[in-house]
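Rule-based calculations on the coordinates, nothing more; no lab input. Predicted model, so just to flag it, every value in this text is computed and none were measured. Here the Cβ is made from the backbone with ideal geometry for all residues, glycine too, and neighbour counts use every protein chain on show.
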Amino acid sequence: MKLVRHFKNFGWDDVAVLAYKEGGPYKGVTRQILFEGVEALPCQWRYFEVEPGGHSTLERHEHVHNVLILRGRGQCLVDHHIHDLAEHDLIHVPPLSWHQFRAAMDAPLGFLCLVSDERDRPQLPTDDDIAELSRDASIKEFIRP
Ligand code: MN
């Protein structure tokens, strides 16, 4: 395993830039796997980058995320609250909380995201979930199901 990978322009030596995920509604998001889990530390550390005006998938799951904003600006929905995000902010996404990240229209949103190796598949919102989330007008305006 390579012990040091140097950083350049929000990429790292020999780290592939991948599609965010297979399928699912999202816009303009890439994924880089910075560290794969090892037995002594069974988690995956990723860098996602959302292009200006783009967004991640609105989803929830049992596993948690710990996120550090590394680049740019945007907003996130976490568990029925919308937050403005700036570089170096930290976000904790608890189990089964709806979450979605959006980049500003004039800036990307790049963030580190730590997840357990053992994790369940994300759930996408049903029409009922969308209706429930949309009872809050600001959430209705924010989400991109
Ligand atoms: Mn997620």
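Net length available on complete extension from S97 to E132 is 11.3 nm, with 0.36 nm assigned per residue and the Cα-Cα distance removed. Near L34, the amide H atoms lying under 5 Å from its own belong to W45, R46, Y47; only residues 5 or more places off or on other chains count, and H is placed 1.01 Å from N. Qualifying GluC sites (Glu not before Pro) in region 17-52, where qualification requires a DSSP coil assignment and no more than 11 other C-beta atoms within 10 Å, comprise E22, E39. Dividing the summed helix terms, -39500 (n - 2.57) for each DSSP H run of n ≥ 4, by the number of residues in the chain produces a 222 nm estimate of -2000 deg cm²/dmol to the nearest 500.
The packing ranking, built from the mean of other Cβ atoms within 10 Å per residue, places the peptides 92-102, 67-77, 1-11, 128-138 in the order 67-77, 92-102, 128-138, 1-11, highest first.
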